[in-house]
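In what follows, a single structure is set out as structure tokens and then discussed.
The values are calculated or read from the model by the stated rules, or taken from the named source; none is laboratory data. Owing to the predicted nature of the structure, the values given are computational and were not obtained by experimental measurement. So basically every Cβ, Gly included, is an ideal-geometry build from the backbone, and we count neighbours across all protein chains shown. To get the accessible areas, we keep the full protein, side chains included, count just its heavy atoms, and leave off ligands, DNA and RNA. Shrake-Rupley method; radii C 1.70, N 1.55, O 1.52, S 1.80 Å.
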Amino acid sequence: MSLERGMISSRQVMFLVTNMIFATEIQFVPALLTMYAGQDAWVVVLIVTIVGFLFGVPIISLGLRFPGKTPVEYGMDLLGKWGGRALGIFLGLFFFYVAAVAVRELADHLVIAVMPQTPLVVFIALYVFAIAYGVYLGLEVFARVSEILYPVFLGTLMLGTIFLIPSLNLNLLKPVLTHSPLELLRGSLTLLAFYGEGLAILFLIPCMRRPEQAPGLNMKITLLLNIPLLVMVVMEVAMFGAMETSRILFPSFELVKMISVAGFFERMESFLLAFWVTTVCLKVALLYYTAMISFARSLNLRDYRPLVWPGAVSLTALAVLVFSDVTQAREFLARSWPLFGLSVEGGVPILLYSLALLRKKGVSWRGRQKK
Amino acid sequence: MFRKPRRPKTMEERKQRQIDAKLEAPHPDSQELNIPFGLSLDDNLALFKNLFGNASDLLVREFSFGARQEIRVALVYIDGLSDTNSISEAILKPFVYRSLSDDKSPILPESAYPMIRDWLITFGSVKEAARINEVLDYVLTGCAALFIDGTSQVLIVVVKGWKARDVEEPKAEAFVRGPRDSFNETLRTNTALIRRRIKTPRLRFDTLKIGRMTKTDICVVYIHGLTDPALKDEVISRLKRIDTDGILESGYLEDFIKDNPWTPFSLLDRTERPDKVAGALLEGRVAIVIDTTPFALLVPAVFSEFLQAPEDYYESFDYIRAFRWLGLIIATFLPSVYVALSTYHQEMIPTGLVLSMAAGREGVPFPALVEALSMEISFDFLREAGARMPRSVGQAVGIIGALVLGQASVAAGIVSPIMVVIVSLAAVASFMIPNYSSSHAIRFIRFPFLLLAGAFGLPGIFWGILVLLLHLASLRSFGVPYLYPVAPGVPGEWKDVFFKAPRWMMDFRPSLLRARKIRRQAPGQMPGPPGGSSGEGDDPQIVSTGREKQG
Amino acid sequence: MKRALKSMSVVKRLCLVLAIILLPNICAGCWDRVELEQLAYVTVVGIDRDGPDGVLVTFQCVIPRMLARGQSGGGGGAAPVKPYTNYSVKARNVSDAVRLFEIKQPHKALFKTSTVIIIGEDLARKGVIPSLDFFTRKPALRRSVWVMVAEGKAADILLKGDPSPEIIPANNIRTAFQRRQDVTLTSSVDFGQLLSKLERPGVDPFMPEIKLAPKLSGGTAGQGETSTQDQQKDVKEGEKQVLEIVDFGVLKLGKLVSFLDITESRGLLWLQGKTNSGTITVPARGASWASLLVSSKRVKITPVISQDGFLFNIDIRIEGYVSSVQNEAVDPTKPEDLGRLEEEGEKAILQDVMAAVKKSQEVRSDFLGLGEKIYETDPDLWKEIGEAWRDEWLPNVQVDISVNCKLKRTGLAAGPVQPIP
């Protein structure tokens, strides 16, 4: 007696997607942004708030054009059977790769910051197990978990930062707007590449109980993402200064280190880090789920579950092999990822959407509503 | 030396058991007995006595009546299950009076049965039965069977009456405010206790019999027109699937009808309080009341419910709900967080505290993990021993535990004092959880968390939390997600989860129960000052007149 | 059949979970695990220069066991146990020193408990950045740890500083600091602030200076006999001295260039604009003095850039109250007397600030952050002059200081005590 029929609510989609983007963003973006835009990093966040919102519009209307279908399925409609399959495999590999990178980042961070002597592979295997377990149980299940964990995480983080306000030095934000538009643009692209992972929402829209709520999600997700990010970026610059923020490997982590509540609750960073890691797990769960769905649909499987455990083993291996060291990971995020990520995250939906418009496939959401 | 002669013995035993099983095969409740009685009273009685193997509690009273004692009758009942007063008053006395009456005309054998049925027996509830298994069922549930010579019909007088516990205060659920009656072991009493609270004909009791031998009466209670019929049907169909020899307690059923058998968390709620059952019924839940146990089951049950006590609803302002959540977190995680902090994240402990903790651990021979594990295990030993021992001994167990585990082990330097504090705090917090069975689950999951904390510190604990949440989120209780209304989130219903809103705010029933009528009360019942006089100021006279009018 | 299979797989899954949880415990086991008693609780780190390239690092550690004994034993007749020890390690760099320290004594160093890093004068003059690098990389140390510069050797501070009245010496430094804060203005500088100032254009960091001062003898102690005992003990322990945190050391491009005197230090603090409060003593009337407890409420520094050079308008607003007047002729309730006190206060503060600016120009270190103001208002100009700021431009800047002192209260009494003839 299933009362839900494998469906998720728009609230869950909101938290899933926000969690997915925020989890990695919060750790890496402040350092990268201050590297490009110095103390003007917050301007970049504002720019991306607008650009990101615009970026979300075609993605969501693409998803709504083909109700109940995943991108792989309407990829088959638009590109032909084999084209669609190729697209599915490609998207699957992309998400799989991003998932591996995220797992690696998570484990790297744990090893660097909390447990320097524990082998990396232990954490990778441990967390991949949890992720695969979640994906095996299904989208509904890890959507529910992210609905619990993410708001609590965000709340704790924001609550913690309140205690930092007295030690901020807002002078460090001056001078304002000294960076050239080019520098701001480079920063925006970096941030947008993280933002673009929201592409995975295309795989969630067909599972929504009320897809008509999807357009409203765009704004909610944009705000829910960028307000905390703005707070964190401003705080980090005002705490450490722009130079120091870009020098520190994980500025948010360093910021959290400064939290001291009544001289008693101090050094919450291990706690928040461990908490953060679980949100990264949920992010990876979503990416991994998306990858598994892409593969399953491309291979014409009815269920993705048989792929989950074998995939988990490959995910572990890929995560171990993907970078040789932290410097390489940082280089990847700062240099290659914006181009690589954005070209896929922007290219695929734009390709599909323009094809859909050209070939007049699918029905636009407004059109259907009028009927 | 000993084993060789024993083996054949056990073999013999096994054989004996097989033989017993074969003998049992033409068991009274099998279909073979689904046949009518004969006409001869002696044959029928012989058959009946034979079925019971001359059990000593089967009473057979043979007598004759009529002017010339021409009608032979036998009364059969089980001693102790039937009310002897009613039997003598309502069955035996009329026969005697009839025999002694002035009417000396003989009674014809064929008119005897209707006569007895229609006007001789002076008892309210009389039934007829003709088949052996029917009569058996009635007799075994405490009715008296009246065999009359010359007819295959048997008259059943429902004189059930056995020594039952009175309606007493609940033993397992303690409270300060609220009704003090609780269920007892008699199904009828229990249903009556519910009926007394919900006086509507739509309160339904659907009865099933489960258990080949125990034939336990099981009552599915719901409010017709309010409870989702699909839910009720699901409950009944799950109950009907059960085929076992006996149901002795609600726990037997629980194992059979749970959605996920592999979870330490209880997916059904159980209670011995009729007010709690009535409250659940009014929300649209289904209750399962079982004969011979004072514990009723409530379905579906969600996780947050285990932190709710009926008393929450009787006290108007309640912050204790939030404390219970805190208690839940402390009971589950405190020992493991202590282990994680003290072995991996010492920097998180405030300086003064870490120094005194280190001073306390000086000379303790075990690592913190082992220390915590052994303390937890010995605490569970103590708790179990205290619960199983007779009360007088139980106290001694408590004293020994407090002295040996608390003081002596610290004094001997085996355990650090702070560990004792931590473990006892977690134990006390686990007692805060109102639901006994789910506090078991909480105690159980402490151990994996301790191991995780010992192996990976806080990341390990959070890994455990993730897996635990995934597990909890995958559970369902009769189709309702176990973490509802937190996930899937229904923020509107959190007013009964993290705190308890005043009664007038809870206008709606829980939505996922799919009650037919979602609204439970008229909206806008927030009490205010006496109407209209708010502008009058603080003149005491006006206030007092306002009150008088209200009164 | 199917049901059996299903339950089997569940059992298997449970086993797998258990195995994952248990295996690391049993086989490889807890790589980073340290028990509480296996830690060395470092409270103060002192870093000194040792030879041309080496460092001498002194770790002061608390011994928790002793601490507990001291608490439970109570004063009593027993000799007081010293609940801390010092370890000095000579090494090439700080990281090496920590490693050697962990070899020298059996415990792993825990830096969480450390509240202060003290840098010796020699090392500070050579440059603080190389020795601090270790602490920015080490996850264990927090940025809120205080950084101080020692007059002389940091090791001496740790070895000879008398820990009483606190049990833990690091707390002693904190207490000394707070004592100082009650008397006059002061400001702690934490590691994070130091780093962000080092990397900020147009500003040089400063650090509180910690030094040993001879213990005041006799007078301070209470009753006669005990005080003599104390004195005897002092003599016995020899060089034990009181810690003093009075002034500041200023850096230029990461190297210590000078120590400030008390006037300059105060001038520096007035300009920080934080609500530090401190007592200043001003002439009241004739040869008597009045004390004002004041704090700076708002500081505004506006650079005026012209062809001739730079002019800084420094506008300081001070608020406070009268804490003592040593002259019955001065009545703080009278507006004209209060006004005079305010004027005197303004004058005193002006002198302090002028002294600080002079010092800054003299040592060519922009610890007041004047260049930062130019950077904030005109970043393009800064790009041109930034390189040469300290040596060419700073010594020639003009400052125009205006101080506005407002006395709001007169303490619990209104007028002075007036003896009636």
Practice task
Return yes when A:Phe129 is in a helix (DSSP H, G or I), open to solvent by 10 Å² or more (accessible area, probe 1.4 Å) and of a type outside the set (Val, Ile, Thr) and no when it is not.
Solution key: yes
Practice task
Filter the stretch C:81-94 down to residues that are under 25 Å from A:Arg267 (Cα atoms) and either at pLDDT 85 or above or more than 14 Å from every other protein chain (Cβ to nearest Cβ) (or both), then give me how many there are.
Solution key: 1
Practice task
Might you check whether a residue that is among the basic types (Lys, Arg), in contact (Cβ under 8 Å) with a residue 60 or more places away in the chain and open to solvent by less than 50 Å² (accessible area, probe 1.4 Å) occurs anywhere in the stretch B:510-530?
Solution key: no
Handout entry: Qualifying position, being at the interface with chain C (Cβ under 8 Å from one of its Cβ atoms) and of a type in the set (D, E, K, R), among B:Glu384, B:Glu376, B:Glu347
Key = B:Glu347
Exercise for the section: Return yes or no: is B:Val220 assigned to a strand (DSSP E or B) and open to solvent by less than 10 Å² (accessible area, probe 1.4 Å)? Expected result: yes
Exercise for the section: Return the only residue of A:Met258, A:Met239, A:Met268 being under 30 Å from A:Ala125 (Cβ atoms), within 13 Å of chain C (Cβ to nearest Cβ) and over 18 Å from the mean Cα position of the chain (by Cα). Expected result: A:Met268
Handout entry: Unique residue being in the same structural domain as B:Asp57 (by the TED database) and on the phi > 0 side of the Ramachandran plot when the list is B:Gly142, B:Gly178
Key = B:Gly142
Handout entry: Residue check for A:Ala193: within 12 Å of chain B (Cβ to nearest Cβ), within 29 Å of A:Trp337 (Cα to Cα), in a helix (DSSP H, G or I) and in contact with a helix residue (DSSP H, G or I) (Cβ under 6 Å, 6 or more places away or on another chain)
Key = no
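Provide a single number: the residues in the stretch B:464-481 that are more than 18 Å from B:Asp269 (Cβ to Cβ) and either in contact with a helix residue (DSSP H, G or I) (Cβ under 6 Å, 6 or more places away or on another chain) or part of a strand (DSSP E or B) (or both).
The qualifying residues number 7.
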Practice task
Specify the residue that is farthest from the chain's Cα centre (by Cα); the eligible residues are those in the stretch B:425-461 that are within 14 Å of chain A (Cβ to nearest Cβ) and open to solvent by 10 Å² or more (accessible area, probe 1.4 Å).
Solution key: B:Leu451
Problem - Given (1) out of contact with any helix residue (DSSP H, G or I) (no Cβ under 7 Å at 6 or more places or on another chain); (2) closer than 20 Å to B:Arg273 by Cβ, index of the condition B:Val220 fails - result: (1)
Exercise for the section: For the stretch A:160-176, state whether one or more residues are within 14 Å of another protein chain (Cβ to nearest Cβ) and touching a strand residue (DSSP E or B) at 6+ places or on another chain (Cβ under 7 Å). Expected result: yes
Handout entry: Any pair with Cβ under 8 angstrom, 6 or more apart, that starts in the stretch C:330-346 at a residue that is part of a loop (DSSP other than H, G, I, E, B) and ends at one that is buried (at least 17 other Cβ atoms within 10 Å of the Cβ) and of a type outside the set (A, V, I, L, M, F, W, C)
Key = C:Val330/C:Asp337; C:Val330/C:Arg340; C:Val330/C:Pro416; C:Asp331/C:Asp337; C:Asp331/C:Pro416; C:Pro332/C:Thr410; C:Pro332/C:Pro416; C:Thr333/C:Thr410
Handout entry: Answer residue from the stretch C:108-130, given it is within 14 Å of chain B (Cβ to nearest Cβ) and out of contact with any Ser or Thr (no Cβ under 6 Å at 6 or more places or on another chain) and is most open to solvent (accessible area, probe 1.4 Å) among those
Key = C:Lys108
Problem - Output for the stretch C:40-54, where each listed residue is in contact with a Pro (Cβ under 9 Å, 6 or more places away or on another chain) and either β-branched (Val, Ile, Thr) or open to solvent by 10 Å² or more (accessible area, probe 1.4 Å) (or both) - result: C:Thr43, C:Val44
Exercise for the section: Looking at (1) within 13 Å of another protein chain (Cβ to nearest Cβ); (2) part of a helix (DSSP H, G or I); (3) modelled with pLDDT under 90; (4) closer than 28 Å to A:Pro228 by Cβ, find the lone condition where A:Val122 falls short. Expected result: (4)
Handout entry: Selected residue (only one of B:Ser88, B:Ser111 is loosely packed, with under 14 Cβ neighbours inside 10 Å, modelled with pLDDT of 85 or more and out of contact with any Lys or Arg (no Cβ under 9 Å at 6 or more places or on another chain))
Key = B:Ser88
Practice task
Specify which of the listed residues (B:Val404, B:Val354, B:Val397) is assigned to a helix (DSSP H, G or I), over 30 Å from B:Ala501 (Cβ atoms) and touching a Gly at 6+ places or on another chain (Cβ under 9 Å).
Solution key: B:Val397
Exercise for the section: Within the stretch A:324-333, identify whether any single residue is within 14 Å of chain C (Cβ to nearest Cβ) and surrounded by fewer than 20 Cβ atoms within 10 Å (Cβ to Cβ), and answer yes or no. Expected result: yes
Fill in the blank from the handout: Per the list (1) within 30 Å of A:His179 (Cα to Cα); (2) open to solvent by 50 Å² or more (accessible area, probe 1.4 Å), residue check on C:Asn404 breaks on (1)
Exercise for the section: Can you confirm whether the stretch C:131-139 contains a residue that is in contact (Cβ under 8 Å) with a residue 60 or more places away in the chain, part of a helix (DSSP H, G or I) and within 14 Å of another protein chain (Cβ to nearest Cβ)? Expected result: yes
Problem - the stretch B:387-411, residues that are closer than 19 Å to C:Leu36 by Cβ and either more than 14 Å from chain C (Cβ to nearest Cβ) or in contact with a Phe, Trp or Tyr (Cβ under 9 Å, 6 or more places away or on another chain) (or both) - result: B:Ser409
Exercise for the section: Go through the stretch B:278-336 and give me each residue that's of a type in the set (Asp, Glu) and either more than 17 Å from B:Ser266 (Cα to Cα) or over 18 Å from the mean Cα position of the chain (by Cα) (or both). Expected result: B:Glu283, B:Asp291, B:Glu311, B:Asp312, B:Glu315, B:Asp318
Practice task
Tell me which of these B:Pro294 doesn't satisfy, since it passes every other one: (1) at pLDDT 90 or above; (2) buried (at least 22 other Cβ atoms within 10 Å of the Cβ); (3) out of contact with any Asp or Glu (no Cβ under 7 Å at 6 or more places or on another chain).
Solution key: (3)
Completion exercise
Log entry, pairs with first residue in the stretch C:306-324 being assigned by TED's automatic domain parsing to the domain that holds C:Glu346 and in contact (Cβ under 8 Å) with a residue 40 or more places away in the chain, second being outside any loop (DSSP other than H, G, I, E, B) and of a type in the set (Asp, Glu), beta carbons closer than 8 Å, six or more apart or on different chains, reads C:Leu311/C:Asp400; C:Phe312/C:Asp400; C:Asn313/C:Asp400; C:Ile314/C:Asp400; C:Ile318/C:Glu346
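Among the residues of the stretch B:135-149, is any among the β-branched types (Val, Ile, Thr), open to solvent by 60 Å² or more (accessible area, probe 1.4 Å) and in contact with a strand residue (DSSP E or B) (Cβ under 8 Å, 6 or more places away or on another chain)?
No, that holds for no residue.
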